[in-house]
1. Among the helices (runs of 4 or more DSSP H) contained in the stretch B:95-173, which hold 1 or more residues that are more than 9 Å from every other protein chain (Cβ to nearest Cβ) and under 16 Å from A:Asn8 (Cα atoms)?
2. Mind listing just one residue for me: the one in the stretch B:22-41 that is within 7 Å of another protein chain (Cβ to nearest Cβ) and in contact (Cβ under 8 Å) with a residue 24 or more places away in the chain and, of those, surrounded by the most Cβ atoms within 10 Å (Cβ to Cβ)?
3. Being closer than 15 Å to B:Tyr79 by Cβ and charged (D, E, K, R) narrows it down to one residue among B:Glu130, B:Glu152; which is it?
4. Enumerate the pairs (first residue in the stretch A:15-31 and farther than 13 Å from B:Leu31 by Cα; second residue anywhere and at pLDDT 90 or above and surrounded by fewer than 16 Cβ atoms within 10 Å (Cβ to Cβ)) with beta-carbon separation below 6 Å, excluding pairs fewer than 6 apart on the same chain, so at least 6 apart or on different chains.
5. Considering only the stretch B:16-56, state which residues are in a loop (DSSP other than H, G, I, E, B) and modelled with pLDDT of 85 or more.
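The values are calculated or read from the model by the stated rules, or taken from the named source; none is laboratory data. From a predicted model like this one, the values you see are computed outputs, not experimental measurements. When we count neighbours, we look across all protein chains shown, and the Cβ atoms used for this are built from the backbone with ideal geometry, even at glycine.
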Amino acid sequence: MDNTDELNKLTDQLFGDLPLDAPQADFTTRVLSKISTSKNLSIIYEPLIPKQVFVILILLAVFFIPYLFSLDVGTDAGYFSLLMDKVAIWVSAWSINIEFSPSLGYMAIMVMVSVQTFLLKRYVERRLV
Amino acid sequence: MEQSFDQPDIAKIVNGNSREFSKLVDTYKDLVFTIALRMMKNRDEADEVAQDTFVKVYRNLKLFKGDSKLSTWIYRIAYNTCLDRLKKNKKEQYSTPIDEIRGAEVAVIGNALDALVKEERQVLIKKSIEKLTPSDAALLTLFYFEEKSLQELEPILKLGANAIKVRLFRARGRLATILKGELELEIL
């Protein structure tokens, strides 16, 4: 037998009868003081990338960039093209067959920015609400 | 259960007007505390969760776009804060099995409740809600806070209308079963 209507009626009666519960009288004051206390605290930023990873990245940059510039390309093109050519030489030394161009570099940067924006957005949203 | 009140000025709160924010807290504190108490089953914890909810409301109010009612947005934060706390405390979600409760039995429960004095009835109902799982208690409470609007419940619970309907039916059944047990104890 379908008892949906009876159940609906009963719960309507139960919840209609029930008053709201109230917190302690000083609740609002405590909330406001909690907010002002947290405002006074200095904000501690936690880096998304751990310190060790940062050190490794910096070391790689320190050793890798001078190495790239030490490679002879012999061109008077712009700085970015020059850098891409040097990366191409370095990659070809590893026998990887990729044709490097500034457009490919820009595309790689765009992909990285998009991925990081997505990750950052997700991280921020998870911290909210 | 909806309260009548002056809506607080959100723009003023975002600009740091604490008097306006205290108006908001005063307006919604009972509703938020009731949700927290029914989910946490403990006044101290409910108090903490309700405070955390308002701190989050204050911090995120500038992100409130107004695409839902302010109350719905606040309930959503309260509900999620409770769930986070329950997860942190690893509280057990004890659940009463749904015995098939017949329409006639439901009517008997209703009549038995009517025969009780108002205060006794309220104590008994509160005791029964306390025995529900936090999710069942939240679902039923929010359903009545939101004036039975499934549309308002969807963003809070992150569930579709049909899923909410099914869960509501089961939660009502469990509440009736618990209430029947409590009434039997009361009569004995």
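1. Values: elements: B:103-114, B:118-130, B:134-145, B:150-157.
Correct list: B:103-114, B:134-145, B:150-157.
2. Going through the stretch B:22-41, the residues within 7 Å of another protein chain (Cβ to nearest Cβ) turn out to be B:22, B:25-26, B:29-31, B:33-34, B:37.
Now restrict to residues that are in contact (Cβ under 8 Å) with a residue 24 or more places away in the chain: B:25, B:29-31, B:34.
Numbers: B:Val25: 24, B:Lys29: 22, B:Asp30: 18, B:Leu31: 22, B:Thr34: 22.
The selected residue is B:Val25.
3. Values: B:Glu130 fails: closer than 15 Å to B:Tyr79 by Cβ.
Going through B:Glu130, B:Glu152 in turn, the sole match is B:Glu152.
4. A:Thr28/B:Asp26
5. B:Lys41, B:Asn42
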